[in-house]
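Q: The structure follows.
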Amino acid sequence: MAEEILKVEHLDKYYGDWQALHDINFSINKGEVVTLLGPSGSGKSTLIRTLNGLESYRKGTIYFQGKKVDPNPKEWQALRQKIGMVFQSYDLFPNLTVMDNILLAPTKVQGRDKEEVRKEALALLDRVELRKHADSYPRQLSGGQKQRIAIVRALAMHPELMLFDEVTASLDPEMVRGVLKIIKELSDQDHMTMIIVTHEMNFAAKIADKVLFLEKGKILEETPGKQFFDHPQTDRAAEFLNSMDF
Amino acid sequence: MNWTVIQQSLPEFAQGFKLTLWLSFVGIIGAIIVGIISSLSQYFRVPVVGKIVGAYVEIARNTPLLIQLFFLYYAFPVMGIKMAAQTCGIIGLIFLGGAYMAEGFTGGFNGVSKSQLDSGRALGMSDFQLARYIVFPQGFALSMPALAANIIFLIKETSIFSVIAIPELTNTALDLIGMYYQSNEYLFVLVVAYAIILIPLIVFLTWLERRVRYGTFGD
Amino acid sequence: MAHSGINVLFEGTNFARLMGGLWTAVWIAAISLIIGLALGTILGMLRTLHNRVIRFILLMYLEFFRIVPTVVLLFLAYYILPRQFNVNWPATWMAVLAFSLWVSAEFSDIVRGALESIPVHQRESGLALGLNQWQLFRYVLLPQAIRLELPATINLATRVIKTTSLLLMISIMDVINVGQQIIEANNQNYPTGVFWVYGLIFILYFIIDYPLSRWAKHLTAKQKY
């Protein structure tokens with residue numbers, strides 16, 4: 001029996017009167033990769049942000065490693081140390097060097113030993129082929145490099161679960177591959193548990209153990225990765241796949 | 001323009017010049033301190049204090065310095081609080097300037113992008129850590145233009161001190177005009193004196209603004 | 001505090017006189033704003049032209065008003081015009097002149113900033129539709145610029161209103177000057193009158209400026225989204 005990392009039950013989210021998410025239910029096991037697909041505005045980003053406590057929800061329950069999440073700021077703050085997240089806009093801290101960006105949270109939030117984290121950070125930078133940029137500032141890096149650093153920054157926290165919110169959406173096409181390669185490696189080599197929002201269908205097809213297809217804030221179908229791309233269960237998903245470039 | 005008149009007035013203007021610089025310096029330092037404390041109390045929404053500070057900022061920003069000074073200098077003694085003119089001037093400048101500085105810093109803090117805060121939160125930072133590592137360093141850099149504008153503004157506002165007979169630059173010129181009627185000459189010196197203070201300062205602050213901006217955001 | 005010091009405000013025609021003084025300040029501010037905004041619009045447009053000489057001269061004009069405190073501007077108008085140019089206007093018009101030029105300088109920068117912040121493609125797509133320069137300005141740039149510059153303009157207006165407090169320095173019978181006279185005239189009967197008169201003037205300025213600055217803030221917040 002695989003260990004369940006995250007489970008969502010009957011989750012509803014509202015912005016004012018407008019309901020953004022309708023009765024969301026799913027779960028993800030250790031080592032699994034779930035991708036959230038769907039047209040823009042379907043609620044994918046809202047959902048993934050909710051899973052990191054960046055958006056509040058009105059009804060429903062989130063379980064993390066079998067424990068019910070009490071949705072208060074303190075609890076989320078503690079949980080976020082185990083749930084890493086990378087955003088579309090990378091958002092490295094512009095006033096800190098690459099190394100300081102990586103060191104900040106592990107040392108200040110987790111109170112770990114700086115030298116130990118630095119060693120680990122250098123190893124991670126090696127993996128993403130950016131070791132020589134350890135002392136650079138974000139302004140000296142390309143978008144793709146910044147995004148790789150943002151991934152390293154999240155990994156340095158030793159997360160149990162990684163959330164990727166359209167991490168390649170604002171990158172030039174030639175930068176996209178490098179970032180996706182790292183995410184793929186994380187799955188293949190480290191068996192990292194991941195939830196990914198993406199528009200890169202080829203990538204999703206390769207990496208997804210499970211696809212959640214969303215439209216208008218609802219999960220229309222939940223299908224094993226390979227099957228979704230070959231035989232989607234719903235017409236809407238088929239239409240969606242047809243409209244995307246592979 | 002009579003150069004002898006100008007020359008003879010220079011020692012007196014030098015006194016006024018020094019006083020303007022000194023009062024500006026003390027007032028601006030005080031205003032920055034009050035401004036930082038005020039904007040912090042608003043940023044952290046300190047109960048009661050935050051509200052009082054909010055009211056203070058609105059009152060100070062929406063009334064003229066001159067009437068604030070008159071109140072301190074003429075009306076306070078009726079309530080038993082008597083202060084020297086220069087003390088009133090400095091308190092007035094800090095009262096006014098503190099509110100402007102508070103607005104500037106608050107604007108900077110609020111200007112820090114939401115996605116930066118999200119990424120800090122996603123790393124598990126507490127509200128205090130977000131403030132310490134993200135909001136303040138970036139917010140101070142963002143409030144540099146306001147800070148620079150306020151410094152220039154406050155130095156110019158010291159000219160209003162002349163209404164309560166503080167012998168700073170403008171008061172010096174008015175005194176001299178009253179005594180010798182050489183208004184062209186004295187006003188000329190007065191304008192030049194402000195230019196000597198403000199032009200280098202404007203150049204310096206513009207340079208500083210760019211440096212801080214580049215150092216923080218890289219653009 | 002004396003029991004009835006506040007009554008000094010209502011003794012005789014005191015209150016009406018204070019209001020009259022306020023009115024003087026308000027109309028000087030209003031006329032200066034009208035003239036200053038009109039002139040500033042023209043100067044601001046000129047500053048977006050490519051002619052370097054014009055841009056340099058106008059920049060110097062702006063910097064002059066940035067450097068010289070408004071009190072000093074008032075004295076420059078008040079002393080230099082009559083003695084140097086034999087212009088013998090009443091002090092109120094001297095004030096209007098000084099304020100108008102000051103407003104025009106500040107506003108020219110607001111207009112320039114707004115015009116320059118309109119994206120180039122707006123200009124280009126206007127031209128692509130066959131608009132001429134004037135039509136482009138009138139129908140594309142101006143409406144967008146006005147929206148952008150409105151908050152700064154309101155803030156400038158609040159500053160002009162506050163600056164009318166300086167009018168007494170060139171002997172104009174503004175609200176503060178009237179207040180001083182009332183205080184002196186009633187000093188015997190109302191020793192605490194000074195508190196109430198300046199208190200009232202303080203509140204009057206706040207009542208005029210506060211709504212304006214709220215409005216400006218509200219507009220700025222709206223433009224961010």
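The values are calculated or read from the model by the stated rules, or taken from the named source; none is laboratory data. These numbers were taken from a predicted model, which means no experiment stands behind them. Glycine gets a Cβ as well: all are built from the backbone with ideal geometry, and neighbour counts include every protein chain shown. Heads up: the accessible areas ignore ligands, DNA and RNA and are worked out on the full protein's heavy atoms, side chains in. Shrake-Rupley method; radii C 1.70, N 1.55, O 1.52, S 1.80 Å.
Q: I'd like the Kirkwood hydrodynamic radius of region A:106-246, using the inverse of the mean 1/r over distinct C-alpha pairs, in Å.
A: Every distinct Cα pair counted, the radius reaches 16.8 Å.
Q: Provide the convex hull volume over Cα atoms per residue for region C:186-225, in Å³.
A: 38 Å³
Q: Another question, then. Quick query: amide H of A:ILE5 versus all other amide H atoms, modeled in the peptide plane; which residues come in under 5 Å with a sequence gap of 5 or more or a different chain?
A: Under 5 Å from the amide H of A:ILE5 lie the amide H atoms of A:ILE28, A:ASN29, A:LYS30, each far enough along the sequence or on another chain.
Q: Pull up the cross-link candidates among the lysines for B:LYS156, meaning alpha carbon to alpha carbon under 22 Å and not fewer than 8 places away within one chain.
A: Reachable lysines: B:LYS18, C:LYS162.
Q: Within the set of other residues whose C-beta is less than 11 Å from the C-beta of B:LEU66, count the net charge using Lys and Arg as +1 and Asp and Glu as -1. Spell out each step's value before the answer.
A: On the way: positive: C:LYS162; negative: B:GLU157, C:ASP174.
It works out to a net charge of -1.
Q: Region B:141-187: which GluC sites (Glu not before Pro) are DSSP loop and have at most 12 other beta-carbon atoms within 10 angstrom?
A: Of the GluC sites (Glu not before Pro), not one in the loops of region B:141-187 has a Cβ with at most 12 other Cβ atoms within 10 Å.
Q: I need the chymotrypsin sites (Phe, Trp or Tyr not before Pro) found in region B:25-134, filtered to DSSP loop residues with at most 15 other beta carbons within 10 Å of theirs.
A: B:PHE44
Q: Using only the heavy atoms of the protein chains and a 1.4 Å probe, how would B:ILE199, C:ILE208 rank by accessible area, largest first?
A: The ordering from most to least exposed comes out as B:ILE199, C:ILE208.
Q: Hey, in the GNM for chain C with a 10 angstrom Cα cutoff, which one of C:THR13, C:THR41, C:THR158 fluctuates hardest?
A: C:THR13
Q: I'd like the carbon and sulfur percentage of the solvent accessible area for chain A, probe radius 1.4 Å, heavy atoms only, ligands and nucleic acids excluded.
A: Here carbon and sulfur together make up 46 percent of the probe-accessible area.
Q: Can you show me the helix-derived [θ] at 222 nm for chain C, built from DSSP H runs with n ≥ 4 at -39,500 (n - 2.57) apiece and divided by the number of residues, rounded to the nearest 500.
A: Mean residue ellipticity at 222 nm (helix-derived): -24500 deg cm²/dmol.
Q: Step through the table entries A:LYS184/A:LYS216; A:LYS74/A:LYS119; A:LYS13/A:LYS184; A:LYS68/A:LYS181; A:LYS44/A:LYS184, compare each Cα-Cα distance with 23 Å, and write down the pairs that go over it.
A: Distance filter (> 23 Å) returns A:LYS184/A:LYS216; A:LYS74/A:LYS119; A:LYS13/A:LYS184; A:LYS68/A:LYS181.
Q: Translational D (Stokes-Einstein, µm²/s) of chain A at 4 °C and 1.567 mPa s when Rh comes from the Kirkwood sum over C-alpha pairs?
A: 70 µm²/s
Q: How much solvent-accessible surface does C:TRP93 expose, in Å² to the nearest 10, with a 1.4 Å probe and all protein chains in place?
A: Accessible surface of C:TRP93 is approximately 110 Å².
Q: Mind listing the long-range amide H neighbours of A:GLU221? Cut-off is under 5 Å, sequence gap 5 or more, other chains count too, H placed in the peptide plane at 1.01 Å from N.
A: Long-range HN contacts for A:GLU221: A:PHE213.
Q: Going through region B:1-106, which GluC sites (Glu not before Pro) have at most 10 other Cβ atoms within 10 Å and a DSSP loop state? Mind showing how you got there, number by number?
A: Details: sites: B:GLU12, B:GLU58, B:GLU103; in loops: none.
When the GluC sites (Glu not before Pro) of region B:1-106 are filtered for loop state and at most 10 Cβ neighbours within 10 Å, nothing remains.
Q: For chain C, what are the DSSP H helices with axial Cα length of 24 Å or more and mean Kyte-Doolittle hydropathy of at least 0.0?
A: Values: long enough: C:14-47 (48 Å, 1.48); C:91-117 (39 Å, 0.89); C:142-163 (29 Å, 0.44); C:193-224 (46 Å, 0.55).
Once both thresholds are applied, what remains is C:14-47, C:91-117, C:142-163, C:193-224.
Q: With all protein chains present, calculate the accessible area of C:MET169 using a 1.4 Å probe and round the result to the nearest 10 Å².
A: Around 40 Å² of this residue is reachable by solvent.
Q: Can I ask one more? Leaving ligands, DNA and RNA out of it, work out the accessible area of B:ILE90 with a 1.4 Å probe and give it in Å² to the nearest 10.
A: It works out to around 40 Å².
Q: So how long is each side of chain C along the principal axes, counting just the alpha-carbon atoms, biggest first, in Å?
A: 75, 48, 24 Å, listed from the longest principal axis down.
Q: Sorted from largest down, give the three principal axis spans of the alpha carbons of the protein assembly as shown, whole angstrom values.
A: Extents along the principal axes, in whole Å: 97, 65, 49.
Q: Still on this structure, I have one more. Can you check what the Kirkwood hydrodynamic radius comes to for region A:11-102, Cα pairs only, in Å to one decimal?
A: Details: mean 1/r = 0.0663 Å⁻¹.
Evaluated on region A:11-102, it is 15.1 Å.
Q: Select from A:PRO159, A:PRO73, A:PRO232 the residue whose mean-square fluctuation is largest in a Gaussian network model of chain A (Cα-Cα springs shorter than 10 Å).
A: Result for chain A, Cα springs under 10 Å: A:PRO73 fluctuates most.
Q: Here's a follow-up. Take A:ASP91, A:ASP190 and sort them by solvent-accessible surface of the protein heavy atoms, 1.4 Å probe, largest at the top.
A: A:ASP190, A:ASP91
Q: Still on this structure, please answer the following. Radius of gyration and Dmax for region C:141-205's Cα atoms, expressed in Å?
A: Taking only Cα atoms of region C:141-205, I get Rg and Dmax of 17.6, 61 Å.
Q: Based only on Cα atoms, what mean projected area does the convex hull of region B:78-203 have, in nm²? Write down the numbers at each step before the final one.
A: Numbers: hull surface 45.5 nm².
Taking a quarter of the hull surface, the average projection is 11.4 nm².
Q: With all protein chains present and a 1.4 Å probe, how do A:ILE149, B:ILE81, B:ILE52 order by accessible area, largest first?
A: Sorted by accessible area, descending: B:ILE52, B:ILE81, A:ILE149.
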